[in-house]
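Engineer: A single structure is presented below for examination.
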Amino acid sequence: MSNENLADMLAELKDTSETMIDLAYSSLLCRSEEIADRVIEMEEQMDKLHTDFELAVLNLRETRPAKGLLGLIRLSIAAEEIADAANMMALIVKKGMRAHPVVWMALERADWTIVTTEIAAESPLAGRSLGELGLEDDIGMRAIAVRRAGRWTYNPQDPFVLEGGDLLVARGYVEGRRRLLALAKPTWEED
């Protein structure tokens, strides 16, 4: 296996665990069992990714120094543990447990937030690609998942075009929350 393939596999482990933790927080904040279900499904995928990566690394033990391979395995274990933590958060949501008030207080004090919103048909976001919108650059919010017609797209890239009716999950700075909600639903007003 080439270094490029190992790097791709490790990047997928990192990206998947990062997306899972974002979605797990979103499921907790929105009390969304649907999003929690996606995290649980991703955990099964993550277990397979992790095993495949470790086996690929172990196959290199004859040709590469053991210390370097051990470092790769430890990085993959860290990503797996992050995924396991996200799964535990999702299971809390699935059990119907509510977050303790201290959790809400902590989240209010955090620099970042997670927003889940539906894109209105008349939204200026509808019909435009994420790259064209530049949400991360302009308002500090990054799309982490989009549900369209019951199917999820995780970590959508710049060419992804938003449509009216999409459920957008985004993460970013607290200051960008209001702007994103106002763009997604032009008639939105904060409670």
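The values are calculated or read from the model by the stated rules, or taken from the named source; none is laboratory data. Here the structure is a predicted model, which means the values were calculated and not measured. Counting neighbours? That spans all protein chains shown, and the Cβs are built from the backbone with ideal geometry, glycine included.
Engineer: Residues ASP84, ASP111, ASP52: which one is within 15 Å of TYR25 (Cα to Cα) and surrounded by 13 or more Cβ atoms within 10 Å (Cβ to Cβ)?
Structural biologist: Numbers: ASP111 fails: surrounded by 13 or more Cβ atoms within 10 Å (Cβ to Cβ); ASP52 fails: within 15 Å of TYR25 (Cα to Cα).
ASP84 is the lone residue from the list that is within 15 Å of TYR25 (Cα to Cα) and surrounded by 13 or more Cβ atoms within 10 Å (Cβ to Cβ).
Engineer: Test GLU118 against the stated conditions and say whether it is outside the structural domain of ALA24 (by TED's automatic domain parsing), closer than 17 Å to LEU23 by Cβ, of a type outside the set (A, V, I, L, M, F, W, C) and at pLDDT 90 or above. Before the answer, list the steps.
Structural biologist: Details: outside the structural domain of ALA24 (by TED's automatic domain parsing): yes; closer than 17 Å to LEU23 by Cβ: yes; of a type outside the set (A, V, I, L, M, F, W, C): yes; at pLDDT 90 or above: yes.
Yes.
Engineer: Any residue at all in segment 136-146 that's part of a helix (DSSP H, G or I), loosely packed, with under 15 Cβ neighbours inside 10 Å and on the phi < 0 side of the Ramachandran plot? Can you show your working first?
Structural biologist: Of the residues in segment 136-146, the ones part of a helix (DSSP H, G or I) are 136-139.
Now restrict to residues that are loosely packed, with under 15 Cβ neighbours inside 10 Å: 137-138.
Subsequent filtering for residues that are on the phi < 0 side of the Ramachandran plot retains 137-138.
Yes, segment 136-146 has at least one match.
Engineer: Could you tell me which numbered condition GLY96 fails, if it satisfies all but one of (1) part of a helix (DSSP H, G or I); (2) within 20 Å of LEU107 (Cα to Cα); (3) more than 13 Å from the chain's Cα centre (by Cα)?
Structural biologist: Against the list (1) part of a helix (DSSP H, G or I); (2) within 20 Å of LEU107 (Cα to Cα); (3) more than 13 Å from the chain's Cα centre (by Cα), GLY96 comes up short only on (1).
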